[in-house]
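K.L.:
Here's a structure for you.
The values are calculated or read from the model by the stated rules, or taken from the named source; none is laboratory data. Everything numeric here is computed off the predicted structure, so don't read it as measured data. Heads up, the Cβs are rebuilt from the backbone with ideal geometry, glycines too, and the neighbour counts pull from every protein chain shown. Surface areas here come from the heavy atoms of the whole protein model, side chains and all, with no ligands, DNA or RNA. Shrake-Rupley method; radii C 1.70, N 1.55, O 1.52, S 1.80 Å.
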Amino acid sequence: MKKNLLYIMLSALMGGAMTSCDSWVGDTEPSDFLTSEQVWNDKTLIEGVLAELYNDVPTNGNLDNDVNFSLIDDFMWCGLMNQDVEMARNQMVEYKYDEFRWYDYKYIYKCNQAIESLATISSKISDEDKALYTAEFQFLRAYAYFQMCIRMGGVPLVTKTQAYTSGMDLSELQTPRSSEADIYNFVYNECMSIEATLAANNNVSNKSRANQWTALALASRSMLYAGSIAKYNASMSNPIRSAEQPGVVGMEGEDPTPYYQKSFDAAKRIITEFANNTLQGVNEPSSDNFYNAICSKNNNSEVLWTKDYNSSKFHLFAFANIAHSMNEDNDNGSDLCPTLQLVETYGKLEDKNPDGSYRVYDSRHAIFDPVQDIRLKGTCLVPEQTFKGKVLDIQAGVAIPKAGGGYELKVGADPNSKYEDGGTLVGNDGPLNRATFTNTGFNLRKYVDETGGSSARGQGSYIWFVYFRMGEVYLNAAEAGMELGGDYAVQGLKYANLVRQRAGLGSNSWSASDLTIDNMLDERRRELALEDHRLWDLKRLRKADLLWNGVSSDKTMLYALYPYRIVGGPDNNKFIFVRAIAPRFKAPRNFRIGNYYCAFEQNALNKNPKLVQNPNM
């Protein structure tokens, strides 16, 4: 078939692995499959094509792939611990240059083909429906280009299916890389051209379909990334650039101001037109309300776009990440556990007195009581916190007072074990240096389903994975406003303080001097943990190589906080807390300059000589 041949040729040109150009809609012989005319004139079938593309939206970490969050966020891998797994997560010497690569022209081809088919074949679909479907395919294409750009820099910009005819010079179809700025501008322009059309989806209860606010959210995020890279790459002591093809990385020569302006304007439109200047739960801050703003589908006004799940398509994130004592299955739980570094972004924990001695607490929970940020307990589970009707039971061992001061620490190897005084030695939830137990002293709450049976393999969880929500939109506007300065910074401060108000920190917890890029980065870290932002924020601000520099420190190693029960003396049955590197984490995170952009596969470079490799590989 001519189309099959075209598909193979495009595979060779773009470096993607493809098999049949129309296999995704079954367009081969009408006797066996649906024809193109049937597919593109049937709303149910068109929505089936859309559903596949929505399902395949690229992410680096999500609820179907929790592993990656241990590489890119403030979470440690505490699950399966064979040597291969440990080497890839807890003993990783350095990030590989292809670690986060996504370069998929099969996906782009499907979007282009759908857009063209709706324009040329869909004669029995109303103009309104045709326009809406086209806008959704354009949005998905724009999002795919955004995801390629944050990984690869500028990539070939292909917006039409290319026709190959026998004898054609293949070089005519080979496409060079566009500049990084061109890709970001394409994403923004696509979003702004379709946002009004996508308003037809604004009242659709299924938030897995793009709507007007989704398009504006992507516009805002893409422009914030573009502005950040333009500003902070140029300020590096040795800016990242391509000698072979200037502009494909680093936003060379670009003025960041117009990008920040577009990011601010798009975010402000969502805030003023969609949310009426509010965040879900902003007037009733609580850890439960914060958790529900992200994880609950009931009357949710926070979430703009998700990957959704149901009884026929569930995930096992709760099965994999539930705390040990709360599981509803066997041999599971605690894959990802929050680190002490993340926990302390919500508030400093006082484990020591000014003289360096251990501070004694009446309970395992008391050390966390002074933390005002309700997002801590909406994101994490800390010792003695209740979830699903059970209390997180974390105790590492016992502390025996020494005659000359200090303590002798004794630990055990089994959960729910007893010490010789009859009291607890190790808690039912550990911490323990083995799989299915936390190794950091904390467990995960965000995205772990409260529904009964959701952590069992047979039922699974239907919680959605959030791509865009209002918390990010407010922080985008706040950061862009800060970068623009003047009245924009004044408004940006108000937006940041609304996010912090929802976190229980008061309506004016920040003053103008607090609105700095480092504070904004930490605020995003607290608000957007486990939502696939941390790595990309560090990359766009050119801070990843400075933070994760491969040298052992409290920035590169993952830390734990363990409670110990005091046995004997005046503080008998009270608790001290010991901070240390999590025992299973062995190698400091090492993000190299070359990791800011992923390497192109050699196969892709061979097939398309017009591509150039990214620098610093």
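K.L.:
How many residues does region 498-540 hold that are within 20 Å of the chain's Cα centre (by Cα) and open to solvent by 40 Å² or more (accessible area, probe 1.4 Å)?
P.N.:
Summing the residues that are within 20 Å of the chain's Cα centre (by Cα) and open to solvent by 40 Å² or more (accessible area, probe 1.4 Å) in region 498-540 gives 4.
K.L.:
What number of residues in region 265-281 are of a type in the set (A, V, I, L, M) and modelled with pLDDT under 95?
P.N.:
Of the residues in region 265-281, 2 are of a type in the set (A, V, I, L, M) and modelled with pLDDT under 95.
K.L.:
From ASN572, ASN614, grab the single residue that is polar (S, T, N, Q) and in contact (Cβ under 8 Å) with a residue 12 or more places away in the chain. Give the steps one after another, and end with the answer.
P.N.:
Numbers: ASN572 fails: in contact (Cβ under 8 Å) with a residue 12 or more places away in the chain.
Being polar (S, T, N, Q) and in contact (Cβ under 8 Å) with a residue 12 or more places away in the chain holds for just one of ASN572, ASN614, which is ASN614.
K.L.:
Of PHE75, PHE33, PHE100, which residue is within 30 Å of GLN162 (Cβ to Cβ) and either in contact with a Phe, Trp or Tyr (Cβ under 6 Å, 6 or more places away or on another chain) or buried (at least 18 other Cβ atoms within 10 Å of the Cβ) (or both)? Before the answer, list the steps.
P.N.:
Values: PHE75 fails: within 30 Å of GLN162 (Cβ to Cβ); PHE33 fails: either in contact with a Phe, Trp or Tyr (Cβ under 6 Å, 6 or more places away or on another chain) or buried (at least 18 other Cβ atoms within 10 Å of the Cβ) (or both).
After ruling out the rest, the residue left standing is PHE100.
K.L.:
Of all the helices (runs of 4 or more DSSP H) wholly in region 250-349, which have at least 3 residues that are free of Cβ contacts under 8 Å to residues at least 24 places away in the same chain and under 23 Å from the mean Cα position of the chain (by Cα)? Lay out the reasoning, then the answer.
P.N.:
Working: elements: 256-273, 287-295, 317-321, 340-345.
Because the criterion is at least 3 residues that are free of Cβ contacts under 8 Å to residues at least 24 places away in the same chain and under 23 Å from the mean Cα position of the chain (by Cα), no helices (runs of 4 or more DSSP H) in region 250-349 meet it.
K.L.:
While we're on this one: Would you confirm whether any residue within region 113-125 is within 13 Å of LEU53 (Cα to Cα) and open to solvent by less than 10 Å² (accessible area, probe 1.4 Å)?
P.N.:
The answer is yes; a qualifying residue exists.
K.L.:
Hey, another quick one. Name every residue in region 31-46 that is in contact (Cβ under 8 Å) with a residue 24 or more places away in the chain and assigned to a helix (DSSP H, G or I), in order of residue number.
P.N.:
Correct list: SER36, GLU37, VAL39, LYS43, ILE46.
K.L.:
Also: Among the residues of region 419-429 satisfying the criterion of being under 21 Å from MET326 (Cβ atoms) and out of contact with any helix residue (DSSP H, G or I) (no Cβ under 9 Å at 6 or more places or on another chain), which is surrounded by the fewest Cβ atoms within 10 Å (Cβ to Cβ)?
P.N.:
THR424
K.L.:
I'm told ALA544 meets every condition in (1) free of Cβ contacts under 8 Å to residues at least 60 places away in the same chain; (2) over 16 Å from TYR95 (Cβ atoms) except one. Can you identify the failing condition by its number?
P.N.:
Going through (1) free of Cβ contacts under 8 Å to residues at least 60 places away in the same chain; (2) over 16 Å from TYR95 (Cβ atoms) one by one, ALA544 breaks only (2).
K.L.:
Looking only at region 82-97, filter to residues that are modelled with pLDDT under 95, charged (D, E, K, R) and open to solvent by 20 Å² or more (accessible area, probe 1.4 Å); which one of those is farthest from ASN60 (Cα to Cα)?
P.N.:
ASP84
K.L.:
Residue check: is ALA17 modelled with pLDDT under 90, more than 30 Å from LEU381 (Cβ to Cβ) and within 30 Å of the chain's Cα centre (by Cα)?
P.N.:
Working: modelled with pLDDT under 90: yes; more than 30 Å from LEU381 (Cβ to Cβ): yes; within 30 Å of the chain's Cα centre (by Cα): yes.
Yes, satisfied.
K.L.:
Return the residues of region 588-617 that are under 21 Å from ASN549 (Cβ atoms) and in a helix (DSSP H, G or I); say none if nothing qualifies.
P.N.:
Result: ILE593, GLY594, ASN595, TYR596.
K.L.:
Quick check on region 204-247: of everything there that is of a type in the set (Gly, Ala, Ser) and surrounded by fewer than 23 Cβ atoms within 10 Å (Cβ to Cβ), which residue is farthest from TYR133 (Cα to Cα)?
P.N.:
SER237
K.L.:
Moving on to the next point. In region 248-272, what residues are of a type in the set (S, T, N, Q) and surrounded by 22 or more Cβ atoms within 10 Å (Cβ to Cβ)?
P.N.:
Let us first name the residues in region 248-272 that are of a type in the set (S, T, N, Q), namely 257, 261, 263, 272.
Listed by number, the list holds a single entry, SER263.
K.L.:
Under 6 Å between Cβ atoms, which residue pairs at least 6 apart in sequence (or on different chains) link something in region 455-466 that is open to solvent by 20 Å² or more (accessible area, probe 1.4 Å) with a partner that is part of a strand (DSSP E or B) and of a type outside the set (Asp, Glu)?
P.N.:
TYR462/ASN310
K.L.:
If you don't mind, there's one more thing I want to ask. For residues that are in a loop (DSSP other than H, G, I, E, B) and not β-branched (Val, Ile, Thr), tally how many sit in region 539-586.
P.N.:
Summing the residues that are in a loop (DSSP other than H, G, I, E, B) and not β-branched (Val, Ile, Thr) in region 539-586 gives 23.
K.L.:
Is region 394-406 home to any residue that is open to solvent by 40 Å² or more (accessible area, probe 1.4 Å) and in contact with a Pro (Cβ under 9 Å, 6 or more places away or on another chain)?
P.N.:
yes
K.L.:
Let me ask you something else. Go over the candidates SER301, SER363 one by one and state the one that is polar (S, T, N, Q), surrounded by fewer than 18 Cβ atoms within 10 Å (Cβ to Cβ), at pLDDT below 95 and out of contact with any helix residue (DSSP H, G or I) (no Cβ under 7 Å at 6 or more places or on another chain).
P.N.:
Answer to the selection: SER301.
K.L.:
Kindly check whether there is at least one residue in region 430-439 that is modelled with pLDDT of 95 or more, in a strand (DSSP E or B) and either touching a helix residue (DSSP H, G or I) at 6+ places or on another chain (Cβ under 9 Å) or open to solvent by less than 20 Å² (accessible area, probe 1.4 Å) (or both).
P.N.:
yes
K.L.:
THR306 passes all but one of (1) closer than 27 Å to PHE585 by Cβ; (2) open to solvent by less than 20 Å² (accessible area, probe 1.4 Å); which number fails?
P.N.:
(1)
K.L.:
If you don't mind, there's one more thing I want to ask. For region 476-483, state whether one or more residues are open to solvent by 20 Å² or more (accessible area, probe 1.4 Å), over 28 Å from ILE394 (Cβ atoms) and not in a loop (DSSP other than H, G, I, E, B).
P.N.:
Pass one, region 476-483, residues open to solvent by 20 Å² or more (accessible area, probe 1.4 Å): 482-483.
After this cut, where a residue has to be over 28 Å from ILE394 (Cβ atoms) as well, the list is 482-483.
Filter once more, so that each one left must be not in a loop (DSSP other than H, G, I, E, B): 482-483.
Yes, region 476-483 contains a residue that is open to solvent by 20 Å² or more (accessible area, probe 1.4 Å), over 28 Å from ILE394 (Cβ atoms) and not in a loop (DSSP other than H, G, I, E, B).
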